[in-house]
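Chemist: Once you've had a glance at the structure underneath, I'll fire off some questions.
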Amino acid sequence: MMEKIAIKLNIANRIYPMKIDRDSEEYVRKAIKNVAERLKFYESNYAIKDKQDLLAMCLIEYASKLETLEKKDIIDSNQKESLMKIENMLDAVL
């Protein structure tokens, strides 16, 4: 079983305690750093000061990127499946 560690994350001047797998710590901290950078971007480029609104904008951005990647992965999977079928047909002929 993975060892869990307790960490405290600062997001938009709020502290969020979490327990995560030790192996995930680097990725979680990098994600938090990226969120902080996007919050600064939105704060400086839009007339929005409410942190919750800024967080919502970040969430929408990241969720839409995830949807795009998932859709691309589905397309790639379908292409792989089609190529495997073609390969099997060629193997049967040869």
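The values are calculated or read from the model by the stated rules, or taken from the named source; none is laboratory data. Not measured: the values here are computed from a predicted model. Don't worry about glycine lacking a Cβ; one is built from the backbone with ideal geometry, like all the others, and counts go over all protein chains shown. Surface accessibility is based on the protein's heavy atoms, side chains included, excluding ligands, DNA and RNA. Shrake-Rupley method; radii C 1.70, N 1.55, O 1.52, S 1.80 Å.
Chemist: Tell me, what is the 1.4 Å probe accessible area of Glu26, in Å² to the nearest 10?
Modeler: Taking all protein chains as shown, Glu26 has close to 130 Å².
Chemist: What number comes out for the charge environment of Leu66, summing +1 per Lys or Arg and -1 per Asp or Glu over other residues with Cβ under 15 Å away?
Modeler: 0
Chemist: Then there is this: Order Asp76, Asp50, most accessible first, counting only protein heavy atoms with a 1.4 angstrom probe.
Modeler: Asp50, Asp76
Chemist: Counting only protein chains, not ligands or nucleic acids, how are Val93, Val35 ordered by accessible area (probe 1.4 Å), most first?
Modeler: Ranked list, largest accessible area first: Val93, Val35.
Chemist: Round to the nearest 10 and report in Å² the accessible area of Ile11, as given by a 1.4 Å probe over the protein chains' heavy atoms.
Modeler: Number for this one is 30 Å².
Chemist: Provide the net charge surrounding Ile75, with neighbours chosen by a C-beta distance below 14 Å and charges set as Lys +1, Arg +1, Asp -1, Glu -1.
Modeler: -2
Chemist: Under the definition of Cα pairs under 8 Å and six or more residues apart, what whole-number percent is the relative contact order of the chain? Could the numbers behind the result be given before it?
Modeler: On the way: 50 pairs, mean separation 15.7, N = 94.
Reported relative contact order: 17 percent.
Chemist: Given +1 on the Cβ of Lys and Arg, -1 on the Cβ of Asp and Glu, and no further charges, what dipole in debye does the chain carry about its Cα centre, rounded to the nearest 20?
Modeler: Details: 17 positive and 17 negative charges, 124 e Å.
Using only the charged Cβ atoms, the result is roughly 600 debye.
Chemist: With every protein chain present, what is the per residue accessible area of the chain (1.4 Å probe, Å²)?
Modeler: Accessible surface, normalised per residue, equals 86 Å².
Chemist: While we're on this one: Toward the positive end of the charge dipole of segment 1-85, about the Cα centre and with charges on Cβ (Lys, Arg +1; Asp, Glu -1), which of Asn34, Leu83, Ile15 goes farthest?
Modeler: So the residue furthest toward the plus end is Ile15.
Chemist: Also, quick follow-up: GNM, the chain, Cα, under 10 Å: largest mean-square fluctuation among Lys72, Lys80, Lys49?
Modeler: Its mean-square fluctuation being the largest, the pick is Lys80.
Chemist: Next up: In nm, what is the difference between 0.36 nm times the number of residues separating Asn45 and Asn13 and their Cα-Cα distance?
Modeler: 9.6 nm is the gain from fully extending Asn45 to Asn13.
Chemist: Let me ask you something else. Within the P(r) computed for the chain, what percentage of the Cα pairs occupies the region above 18 Å? Don't jump to the answer; show the numbers that get you there.
Modeler: Working: 2850 of 4371 pairs.
Beyond 18 Å sits 65 percent of the P(r) for the chain.
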